[in-house]
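Nothing in this text is a laboratory measurement; each read-out follows from the coordinates by a stated rule. Just so we're clear, the structure is a prediction, and the values are computed from it rather than from any experiment. FYI the Cβ positions are ideal-geometry reconstructions off the backbone, even for glycines, and counts take in every protein chain you see.
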Amino acid sequence: MYVVDGNKLQTAIAKSEKLISEVQREAGLNGNTLYRLVNKGGNARLSTIGKVARVLKCDIADLVEEG
């Protein structure tokens, strides 16, 4: 599990000029996973973060908290 930084994720989504729902659909995520991570941050599997990073065309390290 990795800790996602909600602010970094929100910034990456804004830079991609996509809606959260578009990113969620393209990454193949279910339910409110991406909304939860954007709003509060928190734990996520590496595979989930990887899917989101692929859609946003950014590095996984850009989305997780340092440390």
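Kirkwood hydrodynamic radius (Cα pairs, Å) of the chain?
11.4
How far apart, in nm, are two points set 7 Å out from the Cα along the Cα-to-Cβ line at residue 22 and at residue 54?
Taking the simple label geometry, residue 22 and residue 54 are separated by 1.9 nm.
Calculated from DSSP H runs of 4 or more alone, at -39500 (n - 2.57) each and per residue, what is the 222 nm mean residue ellipticity of the chain, nearest 500?
Counting only the DSSP helices, I get -16500 deg cm²/dmol.
Once both labels are modelled 7 Å past Cα along the beta-carbon direction, what's the residue 7-residue 36 spacing in nm?
That separation, rounded to one decimal, is 2.3 nm.
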